[in-house]
1. List the residues whose amide H sits under 5 Å from the amide H of residue 306, counting only those 5 or more places along or on another chain, with H placed 1.01 Å from N in the peptide plane.
2. Tally Lys and Arg at +1 and Asp and Glu at -1 over the other residues with C-beta under 14 Å from the C-beta of residue 268: what net charge comes out?
3. Past 32 Å, Cα to Cα: identify those pairs from 11/217; 2/261; 179/361; 179/243; 160/298; 31/201, in the order given.
4. Whole number in Å², please: accessible area per residue of the chain, 1.4 Å probe, ligands, DNA and RNA not counted.
5. Working with all protein chains in place, sort 175, 122, 137 by solvent-accessible area computed with a 1.4 Å probe, largest first.
6. Given a 1.4 Å probe and heavy atoms of the protein chains only, how would you sort 160, 217, largest accessible area at the top?
7. Is segment 67-133 rounded, prolate or oblate when judged by the Cα gyration tensor, a ≥ b ≥ c being the square roots of its eigenvalues, rounded requiring a/c under 1.5 and prolate requiring a/b larger than b/c?
8. So what are the ³J(HN,Hα) numbers for segment 139-144, from phi and the Karplus equation (6.51, -1.76, 1.60; θ = phi - 60°), rounded to whole Hz, Gly and Pro as x?
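The values are calculated or read from the model by the stated rules, or taken from the named source; none is laboratory data. Remember, it's a predicted structure, so these values are computed and weren't measured experimentally. So basically every Cβ, Gly included, is an ideal-geometry build from the backbone, and we count neighbours across all protein chains shown. Keep in mind that these areas ignore ligands, DNA and RNA; they rest on the heavy atoms of the full protein, side chains included. Shrake-Rupley method; radii C 1.70, N 1.55, O 1.52, S 1.80 Å.
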Amino acid sequence: EKEGYDHFMLKEIYEQPKTILDAMRGRISSKESRVILRGMEEYANRFVRANRIIIVACGTSYHSGLIGEYLIEDLARIPVEVEYASEFRYRNPIINEHDVVIAISQSGETADTLAALELAKSKGALIYGIVNSVGSSIARLTDAGSYIHCGPEIGVASTKAFTGQVTVLTLLALSLARKLSTISNTYFQTLLSELELIPQKVEETLKSSDHIKYIAKEIKGHHNALYLGRGYNFPVALEGALKLKEISYIHAEGYPAAEMKHGPIALIDENMPVIVTATNRSAYEKIVSNVQEVVARKGRVIAIVNKGEQAITRIADHVIEIPDTEEPFSPLLSVIPLQLLSYYIAVELGKNVDQPRNLAKSVTVE
Ligand code: M6R
């Protein structure tokens, strides 16, 4: 039930401090400096010796897969490719028993993802699932996997499943990094202690809800929006744009911030809200200059920044402050304001938030 919330989507957004904790529960011990993903342990050798990891998924799960690519390559130094399941299965991919194929799916029933896995299995790859629905088709087909333990997700727009998937991918990357000694013990320990703080930082992030509601009123009348981010926050930009499209029917695109000047900058004028995630520590100066380029063309900037940020705060139309964290964990915080923004815009526009037109919760046809 909705437990007093107006919509399932809002309830699920607010559940995230708890669901992220549930995804970590029993899997980390910062005191003992350990990360244990039981499903992976059984096949640890296949993972650490893998030539590459291929992640297949659709929609929001594809976006969490992209974050998985950044995490696993950055921390564990294993090459990762991420592919839309529908493309992977029809393009005669090169794949063999030295590959690990990870499927990410909330429902565990997405037809394209299931078919991509069947193909990978037939080629001898180890197939692994990161799934929410216990006992679903994907969970049953895979050799092993890790549930995200988020509980049922009812809203068609995926929210808590996304952060649950990213949490599990983070644990996977950390666990592999440990096995492969690709990061120092000190950094590993720093990351682990910080990860344990994420649920309370999500709680803190949710406090900007009223401010976001106000921003939503301001931009609800626009017909387009551009979402920008760099590094770990690039997939977050894609996810923010998808959320807006799905429930408010406003056209939106996500772009890597630096790619803007290769085309989309032509679209920018006073009618184009640009939502920028600028919480990165690395390439911070670069993102500041990307924002300046937007401002110079009169674009309306809504920026997600860390508390106390100044350069962007001075020039943006609106800023949403979120707590600072280690860069690999920033998507777990920065996606929250984007979920809330799309939610409040859709509510303002009177749309059916939980069951948007033309969409189904799980896509069981090709
Ligand atoms: O159940 P799955 O994670 O496999 O679903 C994949 C997509 O259909 C899903 O993420 C879809 O894009 C959502 N409506 C996004 O909010």
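1. The answer is 322.
2. On the way: positive: 261, 297, 298, 300; negative: 253, 259, 269, 270, 293, 317.
Result for the neighbourhood of residue 268: -2.
3. Details: 11/217 21 Å; 2/261 43 Å; 179/361 37 Å; 179/243 36 Å; 160/298 34 Å; 31/201 20 Å.
Beyond 32 Å between Cα atoms: 2/261; 179/361; 179/243; 160/298.
4. Values: 14640 Å² over 366 residues.
Heavy-atom accessible area per residue stands at 40 Å².
5. Result, largest first: 122, 137, 175.
6. Numbers: 160 5, 217 110 Å².
Highest to lowest solvent-accessible surface, that is 217, 160.
7. Numbers: a/c = 1.70, a/b = 1.17, b/c = 1.46.
Oblate shape, in that a/c is at least 1.5 and b/c is the bigger or equal ratio.
8. Once θ is set to phi - 60°, the couplings for segment 139-144 become 4, 6, 6, 5, 5, 7 Hz.
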